Amino acid sequence: MSDDVLTEEKKELTKQYKQLLKISYRTLSAADKKLIRSAFDVAVDAHKDQRRKSGEAYVFHPIAVAKIVASEIGLDATSIAAALLHDVVEDTDYTLADLEQLFGETVARIVDGLTKISNMPYDGDVSLQAENFRKMLLTLNEDIRVIIIKIADRLHNMQTMDSMPEHKQVKIASETLYIYAPLAHRIGLYNIKTQLEDLGLKYTEPNVYQDILSRIKESKEEQDAYIEDFTNTIKNSLDAEGLQYEIKGRPKSIFSIRRKMIAQNVSFDEVYDKFAVRIIYSSETGEAEKFIAWKIYSIVTDHFRPNPTRLRDWISSPKSTGYEALHITVMGPKGKWVEVQIRSERMNEIAEKGFAAHYKYKNKEKDDGLEDWLNKLQETLENSEISAIDFVEEFKLNLYAKEIFVFSPKGDLYSLPKGATALDFAFHIHTEVGLHTRGTRVNGKLTPLSHELKSGDQVEIITSEKAKPSANWLDYASTGKARSKIKSSLKDEQKAIASEGKEILARKLKSLKITLDERTVNQMVNYFKVKTSLDLFYRVGAGIIENQQLKEFAASRSNALVSFFKNKIRKPDKPTDVDKDEISVKYDQLVFGKDEQHLDYVMANCCNPIPGDDVFGFVTVNEGIKVHKQNCPNALQLQSNYSYRIMNAKWIDSTQSEFKAQLKISGIDAVGLVNEVTKVVSNNLHIDMKKVYFDSDDGIFNGEIVVVVKNKSILDNLVQNLKKINGIDKVTRG
């Protein structure tokens with residue numbers, strides 16, 4: 001490296017250091033500047049021999065990340081120091097102990113969190129990535145700054161990816177769209193989220209990105225003229241009120257224009273709101289601030305006709321990220337719809353800086369909304385029953401969701417993701433309320449648990465000690481919290497039935513002169529073709545494995561014994577241990593849609609799903625339904641471009657699938673007969689009664705019940721018990 005280049009780099013480093021202090025959003029004390037200076041010197045020393053792919057000194061990367069943290073996100077000196085040092089432990093001779101000694105425990109802990117994330121191996125296996133992501137999110141509870149600096153690190157990497165090979169660009173960009181952009185959105189870093197999305201699109205769909213970018217540039221002049229026209233129309237009215245304000249236009253992001261083109265199936269020219277007009281006003285905080293926002297709203301709507309369905313009032317009910325603003329869509333000059341965002345300077349700062357601006361305005365360590373979110377996230381993370389892939393999908397589901405606001409019967413306000421159901425609301429209030437939900441009332445009317453809530457709904461949850469989740473509930477719930485709690489409950493119930501089944505099996509085998517030991521369990525697992533002992537016991541407890549099948553097993557066992565002695569085959573000493581608490585379902589049938597229909601399908605060659613994989617159906621033009629894995633390379637494209645052709649699909653265990661049966665009952669009417677019939681049905685754990693009809697005519701009793709059962713033996717058992725009731729003459733299947 002020539003001396004001239006090194007001298008230039010030294011000059012540049014001095015310039016960058018001064019700039020870092022100058023652009024910091026926070027007011028830095030002398031102690032802050034000293035901390036940042038020390039971190040800067042250590043970073044320069046540690047990385048002195050390293051270069052990036054582009055050829056520039058590596059240290060410019062941590063400096064750039066620190067600048068994003070200081071100005072765009074607006075964090076404190078501790079965060080700026082940690083950003084400067086974020087690659088030191090991973091890439092150089094400095095250790096964590098060195099950093100702790102030099103900069104204290106907090107900086108060392110943040111750098112440690114960042115090093116752990118960087119050391120996670122990337123693997124094409126999405127479930128592994130999901131597990132890594134989950135570990136990464138666990139650091140949130142330790143220190144939110146770890147994640148924020150990681151987002152800044154990712155932003156700078158995305159901004160400087162040009163010198164990387166194409167396959168790496170696509171991999172990093174996809175991961176950015178999948179994980180980091182939603183995360184930035186949820187923390188309220190809207191500017192960074194927009195940049196991450198646009199850069200993600202730049203590398204995943206370069207042609208589309210360049211096309212939209214060039215069209216935005218072409219229409220820049222036209223946009224400026226339009227904003228001037230808009231401003232001139234309302235300027236006099238705003239001035240007459242003595243308001244201090246600024247009006248500026250902001251083009252919508254390339255990514256959001258692309259999303260609109262796909263969602264509405266229109267061309268670039270047909271996307272009507274390609275930019276927003278922002279009115280930012282000066283005001284003291286408090287009631288006056290809100291009053292001015294509505295005053296400006298009134299002036300704008302006096303001049304331009306508003307679209308009543310497009311009013312978004314984030315001032316009365318701020319988003320959980322703390323975002324506040326009034327959004328209105330009005331018919332602007334030249335008959336064009338235009339979105340107008342009305343914000344005070346404080347609201348604008350929170351919108352641009354997100355999380356950090358709350359420190360400034362709330363004067364406390366953490367924003368309540370963020371604290372609330374962290375608690376919810378931690379609850380999901382700590383639920384060991386939920387698999388990593390489910391976690392990521394459900395986390396994403398809740399990240400990008402827009403919010404709705406609903407009320408409890410007492411008038412308490414709750415925010416939920418758009419698409420949330422009455423059952424989601426029950427779990428949102430409290431896990432115990434959710435688990436014992438018997439029914440729901442929305443705006444005073446009884447509604448199904450699957451009813452999708454709308455903003456402004458008043459929701460009442462009816463609970464019962466006896467109520468408990470069923471497998472159908474997974475179709476009724478959309479939020480991550482509700483789904484994970486339902487899955488846990490179903491698993492607990494399965495374990496309870498299995499525990500009962502183990503005792504039943506021991507009794508039944510004893511009568512067949514067989515002892516229930518590990519060897520017998522292993523033989524039965526193989527004989528009944530199940531995966532684990534838990535699965536075996538569950539099937540006995542649920543009545544799926546019946547007496548006759550156990551007799552057949554006993555016979556096959558004695559035949560095997562005879563053959564063993566004949567052939568003197570030496571068996572292995574130790575049978576393989578199958579009592580592992582793994583997935584205990586034997587998936588063998590694929591069903592589609594909420595009604596779980598059995599339809600013809602073919603497996604897609606691009607991802608070759610196998611039973612048990614998370615899958616969806618795609619209705620093709622000529623080849624019927626093709627089944628793809630949820631993490632298929634083509635999945636994102638199919639789901640975004642052809643969402644109307646996507647069908648929900650899931651694997652079920654045919655031996656556990658339920659079916660409806662109609663029973664007709666007749667006999668001599670007697671006092672309490674109806675009560676007796678319903679008692680017999682409800683006393684059986686594995687029967688769900690869907691329809692009941694009883695009629696009595698001159699002493700003759702007729703009834704009809706529709707039940708849902710897992711298999712014929714459970715139904716036969718019910719029929720026998722109904723026949724035993726005094727007065728019942730006939731029980732027949734309809």
| message | Pull out all pairs, ordered by first then second residue, where Cβ-Cβ is under 7 Å, the residues are six or more apart or on different chains, the first lies in segment 622-637 and is in the same structural domain as D600 (by TED's automatic domain parsing) and assigned to a loop (DSSP other than H, G, I, E, B), and the second is modelled with pLDDT of 85 or more and among the aliphatic types (A, V, I, L, M). | response | E623/V602; G624/V602; Q630/V615; C632/A604
| field | Of all residues making up segment 321-347, the number that are buried (at least 19 other Cβ atoms within 10 Å of the Cβ) and modelled with pLDDT of 80 or more | value | 15
| task | Look through segment 3-54, keep the residues that are of a type in the set (S, T, N, Q) and part of a helix (DSSP H, G or I), and return whichever of them is modelled with the lowest pLDDT. | result | T7
| message | Yes or no: segment 632-648 includes at least one residue that is exposed (fewer than 14 other Cβ atoms within 10 Å of the Cβ), closer than 30 Å to Y538 by Cα and at pLDDT 80 or above. | response | yes
| message | Filter segment 269-286 down to the residues that are over 21 Å from Q244 (Cβ atoms), without any contact (Cβ under 8 Å) to a residue 60 or more places away in the chain and surrounded by fewer than 16 Cβ atoms within 10 Å (Cβ to Cβ) and list them by number. | response | D269, E270
| task | Answer yes if at least one residue in segment 425-439 is surrounded by 16 or more Cβ atoms within 10 Å (Cβ to Cβ), touching a Gly at 6+ places or on another chain (Cβ under 7 Å) and at pLDDT 90 or above, and no otherwise. | result | yes
| note | Taking segment 680-719 and the residues there that are modelled with pLDDT of 80 or more and exposed (fewer than 12 other Cβ atoms within 10 Å of the Cβ), the one that is nearest to K664 (Cα to Cα) would be Y693
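Conditions (1) modelled with pLDDT of 85 or more; (2) surrounded by fewer than 20 Cβ atoms within 10 Å (Cβ to Cβ); (3) not polar (S, T, N, Q), marked per residue:
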{"residue": "L199", "(1), (2), (3)": "yes, no, yes"}
{"residue": "E222", "(1), (2), (3)": "no, yes, yes"}
{"residue": "A240", "(1), (2), (3)": "yes, yes, yes"}
{"residue": "L243", "(1), (2), (3)": "yes, yes, yes"}
{"residue": "A263", "(1), (2), (3)": "no, yes, yes"}
| Selected residue (criterion: surrounded by the fewest Cβ atoms within 10 Å (Cβ to Cβ)) from residues of segment 23-54 that are within 23 Å of K353 (Cβ to Cβ) and charged (D, E, K, R) | K33
| query | Only one of (1) among the charged types (D, E, K, R); (2) modelled with pLDDT of 85 or more; (3) within 13 Å of F537 (Cα to Cα) fails for K487. Which number is that? | reply | (3)
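Residue-wise test of (1) in a strand (DSSP E or B); (2) touching a residue at least 12 places away in the same chain (Cβ under 8 Å); (3) not hydrophobic (A, V, I, L, M, F, W, C).
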{"position": "Y297", "(1), (2), (3)": "no, yes, yes"}
{"position": "D302", "(1), (2), (3)": "no, yes, yes"}
{"position": "T309", "(1), (2), (3)": "no, no, yes"}
{"position": "I315", "(1), (2), (3)": "no, yes, no"}
{"position": "E324", "(1), (2), (3)": "no, yes, yes"}
{"position": "I328", "(1), (2), (3)": "yes, yes, no"}
{"position": "K334", "(1), (2), (3)": "no, yes, yes"}
{"position": "Q341", "(1), (2), (3)": "yes, yes, yes"}
{"position": "I350", "(1), (2), (3)": "no, yes, no"}
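Given segment 139-256, what helices (runs of 4 or more DSSP H) lie entirely inside it while holding 2 or more residues that are outside the structural domain of V300 (by TED's automatic domain parsing)?
On the way: elements: 144-159, 166-175, 181-187, 190-204, 206-218, 220-240.
The helices (runs of 4 or more DSSP H) meeting that bar are 144-159, 166-175, 181-187, 190-204, 206-218.
The values are calculated or read from the model by the stated rules, or taken from the named source; none is laboratory data. Since the model is a prediction, treat every value here as computed from it, not as a measurement. With ideal geometry, Cβ positions are generated from the backbone for all residues, glycine too; neighbour counts draw on all protein chains shown.
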